[in-house]
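Enquirer: Structure below; questions to follow.
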Amino acid sequence: MKITVKRDSAFEIYELEDGAYTLLEALNKIKRELDNTLSFSSGCRSSVCGSCAMRVNEKEVLACSYKVQEGDLIEPLNNMPVIRDLVVDMDKSYEMNVKAKAWIKTINSEAVLDHEAEKINEVQSDCILCGSCYSSCPVYAVNGEFLGPFSLTRVWKYVSDKRENDAAEKIDTIQTNGIWDCTLCNNCTVVCPQNISSKADIEKLRVRSSMFGYSDPNFGSFGGGFDGGFGFDGSPSF
Amino acid sequence: MKTDVLIIGAGGAGLMAAIAAKEEGVDVLVLTKEYPTRSQTCMAQGGMNAALGNVAEDSVEDHIQNTLKSAHGEADEESIRFMCSEAINAVEYLDSIGVCFSRTGDGKIAQRRLGGASAPRACYAQDYTGLKILHTLYDRANALGIEFVNDTFLLEVLKDEDGNACGAKVLDIRSGELKTYIAKTVILATGGYSRIYDKYSTNSTASSGDGIAAALRAGAKLKDMEFVQFHPTGLKNSSILISESARGEGGYLLNSKGERFTDELAPRDQVSRAIDEQIKKGEDIFLDIRHLGESFIDEGLPQERKLAKLYENVDPVHDLIPIKPVAHYTMGGIAVDNRSQTNVERLYACGECANHNVHGANRLGGNSLLEIVVFGREAGRNAATKAKEVASLSVPAHTECFLEKEFSNTVDFYKYKEKIGNLLYNKVGIVRKKSELKDALEELEMIKSLLPQMGWSDTSAVYNTNKQEFLEFRNIVEVSEVVIQSALGRDESCGAHYMEAQS
Ligand SMILES: Cc1cc2nc3c(=O)[nH]c(=O)nc-3n(C[C@H](O)[C@H](O)[C@H](O)COP(=O)(O)OP(=O)(O)OC[C@H]3O[C@@H](n4cnc5c(N)ncnc54)[C@H](O)[C@@H]3O)c2cc1C
Ligand code: SF4
Ligand code: SF4
Ligand code: FES
């Protein structure tokens, strides 16, 4: 079978044996036997480290869990600088977790987590930071400062954690370039290899934000809202 | 580039060290050849031991005794006592920073039994214990403002004129530049070396023993390098791990005739040997979980079904899973004292690359995640305390740079990487013979002598993974040499090092 790989210089076609194997195995074969210069990243080979996310026929996949097929077109992730071939620079996207303050701020050691509480953010904590959602998100194409799907999912993970005593700072932080900028297009959900829906998490964060007195700035002219009622004046603290 | 504490490696051990050092109030910089969340720690599924006694009676003393027994007399009781006693604090700490451990009905952290434990002791987060611990530690490191430099490959540990570690020489993978980092203390947390077995390993491709080889070149002592743990159930083609829980839940091991041939729940080394014996008789070996039923498999072992389908093209609900034992965990590593300090002043080590004398000849499932948290923190604290005592940064003495040597690149190192894997698996594997170990050493020395004829053919400076893989290959050669020499140095069978009597 033949596959095409988008390299720095040009699209390159490689001829491979037919068979049912993963794209990562195919790339390794190319690297070791056909072309030492092909660059890509991998690690676990078992879909849990997030290293090998790339696009096949314009859809984000993990190379180690995708069975390569005749005629496939392989490209690097979108919305991040390409360092070389299929390797992208994720520093800036990782930095979104820092900007979004995705961590526990103050711990409530009294909180008891039961089964139900455990399920609230179980799926969100399955995120492998592969960047597929980031690559698929149309908002990044126009706004590089958008906090984006994986970091907002991570914020929801911590905001929904019963052990977090002080979610306000995180809620404040995600008002700008955050939850209201998302178009709810659902692309991120479709491509996530871990079945996470960042879109759904963003919706939950919107509801939580309104409980903190924020309202959708896109409907700002309606005035109203919850101001004051929750002992919080809603003014961002940064 | 300068800092107080320089940490190399950002798996569970490196991150824990960074957090602990930062909390001591010193400057910390972490270098990693990947991104932190891509470290192999994310692959751990089973769990992390702590005698919480949440689901059945348990005690720290039992944890200590189980660990000592499994170590076959090759570990240090004081270190084990320390680790097992700290386990409860360690889990409490992880819980407090947001690790989503699975819970019991009454809201306690759930626990399950892994091999060799007298009680259900492993705290877990579904099938993703390592992933969730690693990511949460990373988030905590972010909260503390710890600085990371990703895509940076450790070449050499640097020392000053007095022999103190004082920094590292690295390759910036993105630009291809060689860089020097200067620090008051250095911590190595670069992970294990199971990838010397190449395709016969469950490990991440990054586990090539880089830090261990660099430590050795810097004069650090290594210990117990012959102790390599083989996991009985790697998938036959890809060596991807099928978790021990498949046997724990009632899975059978069968040979080609459909016969069971061993106690599936015996310790890993015993089961691996039983399988090896069958394979040497020409049998194919399978894991059979069909009798557990589809709904049970989907509920209890979803990850295993997914992995078997994807990587072996079989559906365990209807088919047998072809398996073989493969290298999984390396007990040996850089020798450290109970302050995580190596014999090189100001050089510390923690995690799978270090040998804290807690696993001896055989590691218990669930004790590695525990080790990286407990000793990662110790290494971070001690290196920070030491850094505060060091008045000023020193100047590194000259070290020879491997990359500046002549390489004719007429011999393909990828072929030899595979050869070393086969050689080690066949002659330095589950069952060893003195004569075969000698053959293996001879062959390895031959391969080592070919290094100058190898090299990299990709000439680009930017993200040259061909060059990086060659650097890893060099470390694989050096570490393999020590593994074989250590194996030759131990005549008796002990734990994972099993010697067959010569006939
Ligand atoms: C499939 C699998 C399942 C497992 N399950 C369990 C389990 O259930 N319970 C348990 O206790 N243990 C388990 N283990 C073992 C455990 O996961 C590891 O021992 C542990 O995670 C090692 O952590 P570490 O921090 O020492 O190293 P790693 O997580 O391997 O991290 C090493 C770090 O060093 C960096 N590095 C390496 N070389 C260089 C270099 N040259 N330059 C710069 N940086 C470098 C890497 O980028 C990485 O950041 C499992 C292991 C595997 C493979
Ligand atoms: S949310 Fe899903 S797609 Fe996005 S980084 Fe995490 S695992 Fe990848
Ligand atoms: S739903 Fe929102 S976050 Fe997800 S891809 Fe669309 S715009 Fe981006
Ligand atoms: S190599 Fe880890 S996700 Fe593919």
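Enquirer: How large is Rg over Rh for the range B:402-499, taking Rg from the Cα atoms and Rh as the Kirkwood inverse mean of 1/r across Cα pairs?
Expert: 1.06
Enquirer: Please identify, among A:ALA111, A:ALA102, A:ALA53, the residue showing maximal mean-square fluctuation in a Gaussian network model of chain A using a 10 angstrom Cα cutoff.
Expert: Most flexible of the set in this elastic network: A:ALA111.
Enquirer: Related question: Probe radius 1.4 Å, ligands and nucleic acids left out: which of B:SER256, B:SER39 has the largest accessible area, and how do the rest follow?
Expert: Ranking B:SER256, B:SER39 by accessible area, largest first, yields B:SER256, B:SER39.
Enquirer: Can you check what the Kirkwood hydrodynamic radius comes to for the range B:1-128, Cα pairs only, in Å to one decimal?
Expert: Answer for the range B:1-128: a Kirkwood hydrodynamic radius of 16.3 Å.
Enquirer: Give me the distance between the Cα centres of the range A:1-69 and the range B:316-343, rounded to whole Å.
Expert: 28 Å
Enquirer: Compute the Cα gyration tensor for the range B:284-432, then decide on rounded, prolate or oblate, letting a ≥ b ≥ c be the square roots of its eigenvalues: rounded whenever a/c is under 1.5, prolate when a/b is larger than b/c in the other cases, and oblate in all that remain.
Expert: oblate
Enquirer: What is the projected area of the convex hull of the Cα atoms of chain B, averaged over all directions, in nm²?
Expert: Quarter of the Cα hull surface area: 22.9 nm².
Enquirer: A further question follows. How much of the DSSP beta bridge set in the protein assembly as shown is antiparallel, as a percent to the nearest 5?
Expert: 70 percent
Enquirer: Could you give me the radius of gyration and the Dmax of the range B:175-313, taking only the C-alpha atoms into account and expressing both in angstrom?
Expert: Gyration radius and largest Cα-Cα distance of the range B:175-313: 19.5, 62 Å.
Enquirer: For B:PHE413, what accessible surface area do you get with a 1.4 Å probe? Give it in Å², rounded to 10.
Expert: 0 Å²
Enquirer: Further, regarding this structure: Going by the alpha-carbon gyration tensor, a ≥ b ≥ c the square roots of its eigenvalues, is the range A:2-88 rounded (a/c under 1.5) or, if a/c is not under 1.5, prolate (a/b greater than b/c) versus oblate?
Expert: On the way: a/c = 1.35, a/b = 1.08, b/c = 1.25.
In terms of gyration-tensor shape, rounded.
Enquirer: Under a 1.4 angstrom probe, counting protein chains only, how are B:GLU389, B:GLU371 ranked by accessible area, largest first?
Expert: Values: B:GLU389 125, B:GLU371 0 Å².
Result of the area sort, largest leading: B:GLU389, B:GLU371.
Enquirer: Compute the distance from the alpha-carbon center of the range B:481-496 to that of the range B:364-428, in whole Å.
Expert: Centre-to-centre distance over Cα atoms comes out at 20 Å.
Enquirer: Then there's this: What residues in the range B:458-500 lose 30 Å² or more of accessible surface when the other protein chains are added to their chain alone (1.4 Å probe)?
Expert: SASA drop of 30 Å² or more in the range B:458-500: B:ASP458, B:VAL462, B:TYR463, B:THR465.
Enquirer: Oh, and also: With Cβ to Cβ distances under 9 Å as the rule, what net charge do the other residues near B:LYS236 carry (K, R +1; D, E -1)?
Expert: -1
Enquirer: Let me know the mean shielding of B:129-139 by other chains, meaning the per-residue number of their Cβ atoms within 10 Å of its Cβ.
Expert: Other-chain Cβ atoms within 10 Å of each residue's Cβ, averaged: 4.
Enquirer: Report Rg(Cα)/(2.2 N^0.38 Å) for chain A, keeping two decimals. Write out the running numbers ahead of the final one.
Expert: Details: Rg = 20.6 Å, N = 238, 2.2 N^0.38 = 17.6 Å.
This ratio for chain A stands at 1.17.
Enquirer: Can I ask one more? Need the full-extension length gain, B:ALA397 to B:THR180, defined as separation in residues times 0.36 nm minus the C-alpha distance. One decimal, nm.
Expert: That works out to 76.9 nm of additional length.
Enquirer: Let me ask something additional. How many partner chain Cβ atoms sit within 10 Å of a residue's Cβ in peptide B:227-238, on average, as a whole number?
Expert: Shielding by partners across B:227-238 averages 1.
Enquirer: Please report the accessible area of B:THR185 (heavy atoms, 1.4 Å probe, ligands and nucleic acids excluded) in Å², nearest 10.
Expert: Approximately 0 Å² for this residue.
Enquirer: Write down the Kirkwood hydrodynamic radius of the range B:333-414, to one decimal in angstroms, obtained as one divided by the mean of 1/r over all alpha carbon pairs.
Expert: Numbers: mean 1/r = 0.0642 Å⁻¹.
Here the Kirkwood hydrodynamic radius works out to 15.6 Å.
Enquirer: Now a separate question. Quick one: which of A:LYS92/A:LYS157; B:LYS309/B:LYS467; A:LYS101/A:LYS204; B:LYS108/B:LYS306; A:LYS199/B:LYS33; A:LYS99/B:LYS33 span more than 25 angstrom between C-alpha atoms?
Expert: Where the Cα-Cα span goes over 25 Å, the pairs concerned are B:LYS309/B:LYS467; B:LYS108/B:LYS306; A:LYS199/B:LYS33.
Enquirer: Helix-derived [θ] at 222 nm for the protein assembly as shown: sum -39500 (n - 2.57) over DSSP H runs of at least 4, divide by residue count, nearest 500? Please list the in-between numbers first.
Expert: Values: 22 runs with 248 residues, N = 741.
Helices in the protein assembly as shown give a 222 nm mean residue ellipticity of -10000 deg cm²/dmol.
Enquirer: On to the next question. Other chains near B:96-107: what is the mean number of their Cβ atoms within 10 Å of each residue's Cβ?
Expert: Values: counts 5, 4, 11, 1, 12, 2, 4, 8, 3, 2, 3, 9.
Mean shielding count: 5.
Enquirer: Could you order B:SER96, B:SER207 by accessible surface area, starting with the largest, using a probe radius of 1.4 Å? Walk me through the intermediate numbers first.
Expert: Values: B:SER96 40, B:SER207 10 Å².
Order by accessible area, largest first: B:SER96, B:SER207.
Enquirer: Round to a whole number: what % of the accessible area of the range B:310-468 belongs to carbon and sulfur, probe 1.4 Å?
Expert: Result for the range B:310-468: 48 percent of the exposed heavy-atom area is carbon or sulfur.
Enquirer: Hey, how many Å between the Cα centroid of the range B:21-66 and the Cα centroid of the range B:179-237?
Expert: Their Cα centres are 18 Å away from one another.
Enquirer: Are there any helices in chain B, counted as whole DSSP H runs, that stretch 30 Å or more along their axis by Cα and score at least -0.5 on average by Kyte-Doolittle, and if so which?
Expert: Working: long enough: B:367-389 (33 Å, -0.27); B:465-488 (34 Å, 0.09).
Qualifying helices, which must be both long enough and hydrophobic enough, are B:367-389, B:465-488.
Enquirer: What GluC sites (Glu not before Pro) does the range B:94-197 have in DSSP loop regions with at most 13 other beta carbons within 10 Å?
Expert: In loop regions of the range B:94-197 (DSSP not H, G, I, E or B), the sparsely surrounded GluC sites (Glu not before Pro) are B:GLU161, B:GLU177.
Enquirer: Using the Kirkwood formula over every pair of different C-alpha atoms, what hydrodynamic radius in Å results for the protein assembly as shown? All intermediate terms of the calculation are to be shown ahead of the outcome.
Expert: On the way: mean 1/r = 0.0378 Å⁻¹.
Kirkwood radius, the protein assembly as shown: 26.5 Å.
Enquirer: What cysteines in chain A have no other cysteine with a beta carbon less than 4.7 Å from their beta carbon?
Expert: Singleton cysteines: A:CYS52, A:CYS64, A:CYS127, A:CYS130, A:CYS137, A:CYS182, A:CYS185, A:CYS192.
Enquirer: Running a GNM on chain A with Cα contacts under 10 Å, which residue among A:LEU129, A:LEU34, A:LEU24 ends up with the highest mean-square fluctuation?
Expert: Most flexible of the set in this elastic network: A:LEU34.
Enquirer: Something else now. Would you mind giving the total buried accessible surface between chains A and B, with a 1.4 Å probe and ligands, DNA and RNA left out, rounded to the nearest 100 Å²?
Expert: Summed over both sides, the interface buries about 4600 Å².
Enquirer: Let me ask something else about it. Mind grabbing the accessible area of B:VAL374 for me, 1.4 Å probe, Å², rounded to tens?
Expert: Accessible surface of B:VAL374 is approximately 0 Å².
The values are calculated or read from the model by the stated rules, or taken from the named source; none is laboratory data. Remember, predicted model here, so these are calculated numbers, not experimental data. Cβ: placed from backbone, ideal geometry, glycine included. Neighbour counts: every protein chain shown. Only protein heavy atoms, including side chains, enter the accessible area calculation; ligands, DNA and RNA are left aside. Shrake-Rupley method; radii C 1.70, N 1.55, O 1.52, S 1.80 Å.
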